[in-house]
Amino acid sequence: QVQFVESGGGLVQPGGSLRLSCVASGSIVSISFIAWYRQAPGKEREFVARIFGGGGAYYADFVSGRFAISRNNAKNTVSLQMNNLKPEDTAIYYCSQFPRLPTDSWGQGTQVIVSS
């Protein structure tokens, strides 16, 4: 079972940008879809974006063209470029295969805080 370690979060002002990364513990070549999720304080975890092995991507409606997901199968990494960040983007961000299996565990995630 591949595990993911997320990084790249931090404190950013509204309108700013961050680039999140997750590194897999093994090869991601055989994983068709990898996704980013997020969990805001007091809210349930929600889907953000997913990417297919061939590069096709799908985003949640709230992204509205602000985020871009990418993957590097050779480096076993998936990234999320986030631009024009809003306070409501404040959350812990996680990556995972998609769809998730009952046996999949979550990593520690990476905290994003958007605040002036």
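Could you look at segment 20-107 and say what percent of its accessible area is carbon and sulfur, using a 1.4 Å probe and all protein chains? Its accessible area is 53 percent carbon and sulfur atoms.
Roughly how many debye, to the nearest 20, is the charge dipole of the chain about its Cα centre, given +1 on each Lys and Arg Cβ, -1 on each Asp and Glu Cβ, and no other charges? Mind dumping the intermediate values first?
Working: 10 positive and 7 negative charges, 40 e Å.
That gives a dipole near 200 debye.
A Förster radius of 30 Å combined with the Cβ-Cβ distance from ILE113 to VAL2 puts the calculated FRET efficiency at roughly 0.60. Converting phi to 3J(HN,Hα) with the Karplus coefficients 6.51, -1.76 and 1.60 and the offset θ = phi - 60°, segment 90-101 yields 4, 4, 9, 9, 10, 10, 6, 5, 9, x, 6, 9 Hz in sequence order, with x at every glycine or proline.
Probe of 1.4 angstrom, ligands and nucleic acids ignored: what's the accessible area per residue over the chain, in square angstrom? Intermediate results must be reported in sequence, preceding the final value.
Values: 6090 Å² over 116 residues.
Result: 52 Å² of accessible area for each residue.
Give me the extension gain from GLN13 to SER105: residue separation times 0.36 nm, minus the current Cα-Cα distance, reported in nm with one decimal. Spell out each step's value before the answer.
Working: separation 92, 0.36 × 92 = 33.12 nm, distance 3.10 nm.
Between GLN13 and SER105, full extension yields 30.0 nm more.
On a per residue basis, the convex hull of the C-alpha atoms belonging to the chain measures out at 92 Å³. For PHE98, the amide hydrogen comes within under 5 Å of the amide hydrogens of PHE33, ILE34, ALA35, counting only partners 5 or more places away or on other chains and with H modelled in the peptide plane. For segment 26-71, the Cβ-based charge dipole about the Cα centre amounts to some 100 debye (Lys, Arg positive; Asp, Glu negative; other atoms uncharged).
The values are calculated or read from the model by the stated rules, or taken from the named source; none is laboratory data. Not measured: the values here are computed from a predicted model. When we count neighbours, we look across all protein chains shown, and the Cβ atoms used for this are built from the backbone with ideal geometry, even at glycine. Side chains are part of the model used for accessible areas, which takes the heavy atoms of the whole protein and leaves out ligands, DNA and RNA. Shrake-Rupley method; radii C 1.70, N 1.55, O 1.52, S 1.80 Å.
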